[in-house]
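Visitor: Take this structure, written in structure tokens, and hold onto it; I'll ask about it next.
The values are calculated or read from the model by the stated rules, or taken from the named source; none is laboratory data. Just so it is clear, the model here is predicted, and its values are computed rather than measured. Here the Cβ is made from the backbone with ideal geometry for all residues, glycine too, and neighbour counts use every protein chain on show. For the accessible areas, the whole protein counts, side chains as well, though only heavy atoms, and no ligand, DNA or RNA atoms are used. Shrake-Rupley method; radii C 1.70, N 1.55, O 1.52, S 1.80 Å.
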Amino acid sequence: MNAPDPALARALRKEPPRSPPRRLWKRVSRAIGDVLPKGLYARSLIIIIAPVVLLQSVIAYTFMERHWQLVTKRLSAAVTADVAALIDIYESYPQDKDAETLSRIAGERLNLDLDILKGAKLPPPGPRPFFSILDEALSDEIKRQIRRPFWIDTVGRSNLIEIRVAIPDGVMRITARRSQAYASNSHIFLVWMIGSSLVLLGVAILFLRNQIKPILRLAAVAEGFGKGREIEFRPRGAREVRQAGHAFIEMKRRIERAMEQRTTMLNGVSHDLRTILTRFRLSLALIEQTEEIEDLSRDVDEMSRMLEGYLAFARGDSAEPATPTDMRSLLEDLRTDVERLGAHVSAVDLAGAPEVTVRPGAFRRCLFNLAANAVRYGETVAISGRLEARTFLVSIDDDGPGIPAESREDVFKPFVRLDDARQDAGGSGLGLSIARDIARAHGGDITLHDSPLGGLRATVRVPA
């Protein structure tokens, strides 16, 4: 059957077709989102820095393009006018043959050094400098005012500029200070602008970091609570952050109160049910023992075991604090427990950090439930632990019949049994459910895979 046309589907749903600009904007926004940092601190810095950089760039461009260039052009025009006047005087009064008087007037009145190079020619033109505001402005003014062949050097000597103009009997060379034709102190404005921007950015970064810390602290506490770790927390920071912190504390108290109430209720129920079961046992003990009475006794024992399993599953081990636990010692104790159950442990291997922060009693129970399930259906068990990227993994392998891949998630459901069940034969059907509940209470999980031994591998992952 052919797939429906997207345009027809949108028309049937009465959705407007997506215009090309909208699709383009979505692609651009997605590309920008991929490039931008993901952290709140980095994004906040961009929000602060980007407008400052944009504003300073506009100001700098306006200053460079208008003010700096205009001032340089006017200064260059003034120097060119002085040079043009010196040329006119030299050509109008030929009695000053050696130009001594003209040189004296140029030095005393115009701050220019003048030399007449008789019989000389202009040097060949050199390459234009990269930053050519002065060179361009001075060249334009000489072309406009003097209109003679010329040669200028604005980069040879940093504090001086040299102008050579062709005259009938040679070359007139004029040397002037760079500041006479160029706004040389304009960089002070840029230095002050950049310096003040850096100071403002430094202050903004300092204050922003102090505002981000409470958010990161709240995130760490929430993550720790999800992993079953008790972390001391006191709301700090801005009003909104403190409100979020108080809301988290109240939510945490409600969860703990609900768990405590559930535990109290289950303890009461267990007490009442145990009393009734005890009466059943006493009554059955006083009755003549027959096959029917023995069957009833086994049923009562089964009910007692199921009751304990239900209570253990519902109660959990939330009251136990999380502490750094020696995984090597814990796995060795697990090996001893497995051998007591009658199975052969082929290997116990630990790679990585030996200490992991867990609730030791609950984690031991999680591993024991998995190991007991492996012992029930296999003869050989292998236990291994390793550290991978801040995650501690414990794998329990067996050589039993295994579980089909499509049914591996079903065995974690409470009270679910498979046809070829590996799950608590003769039990309550809660062993694997309790194990996964404990692992997830630590912020981890349990997954099932094929084992190298030929049976099933159960892998427990918890944050290290």
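Visitor: Which residue pairs have Cβ atoms under 9 Å apart, sit 6 or more places apart or on different chains, and have a first residue in the stretch 326-337 that is closer than 16 Å to THR380 by Cβ and a second that is of a type in the set (Gly, Ala, Ser) and surrounded by 20 or more Cβ atoms within 10 Å (Cβ to Cβ)?
Guide: If the second residue must be of a type in the set (Gly, Ala, Ser) and surrounded by 20 or more Cβ atoms within 10 Å (Cβ to Cβ), the pairs left are LEU334/ALA371; ARG335/ALA371; ASP337/ALA371.
Visitor: Looking only at the stretch 364-386, which residues are of a type in the set (A, V, I, L, M, F, W, C) and touching a strand residue (DSSP E or B) at 6+ places or on another chain (Cβ under 7 Å)?
Guide: Answer for the stretch 364-386, where residues must be of a type in the set (A, V, I, L, M, F, W, C) and touching a strand residue (DSSP E or B) at 6+ places or on another chain (Cβ under 7 Å): CYS366, LEU367, LEU370, ALA371, ALA374, VAL375, VAL381, ALA382, ILE383.
Visitor: Is it true that some residue in the stretch 195-214 is closer than 24 Å to ASN159 by Cβ, touching a residue at least 60 places away in the same chain (Cβ under 8 Å) and open to solvent by 60 Å² or more (accessible area, probe 1.4 Å)?
Guide: Scanning the stretch 195-214 turns up no residue that is closer than 24 Å to ASN159 by Cβ, touching a residue at least 60 places away in the same chain (Cβ under 8 Å) and open to solvent by 60 Å² or more (accessible area, probe 1.4 Å).
Visitor: Quickly run through the stretch 360-386 and pick out the residues that are in contact with a His (Cβ under 9 Å, 6 or more places away or on another chain), at pLDDT 85 or above and either open to solvent by 50 Å² or more (accessible area, probe 1.4 Å) or within 16 Å of ALA439 (Cα to Cα) (or both).
Guide: Start the filter on the stretch 360-386 by keeping residues that are in contact with a His (Cβ under 9 Å, 6 or more places away or on another chain), which leaves 362-363, 366, 379-381.
If we keep only those that are at pLDDT 85 or above as well, we get 363, 366, 379-381.
Matches in the stretch 360-386: PHE363, CYS366, GLU379.
Visitor: Here's something else I'd like to know. Does any residue in the stretch 360-387 that is farther than 18 Å from ALA347 by Cβ and in contact (Cβ under 8 Å) with a residue 40 or more places away in the chain come within less than 8 Å, Cβ to Cβ, of a residue that is open to solvent by 30 Å² or more (accessible area, probe 1.4 Å) and part of a helix (DSSP H, G or I) six or more places away or on a different chain, and which pairs are these?
Guide: ALA362/ALA441
Residues checked against (1) closer than 15 Å to ARG173 by Cα; (2) acidic (Asp, Glu):
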site: SER76; (1), (2): no, no
site: TYR93; (1), (2): no, no
site: ASP115; (1), (2): yes, yes
site: TRP151; (1), (2): yes, no
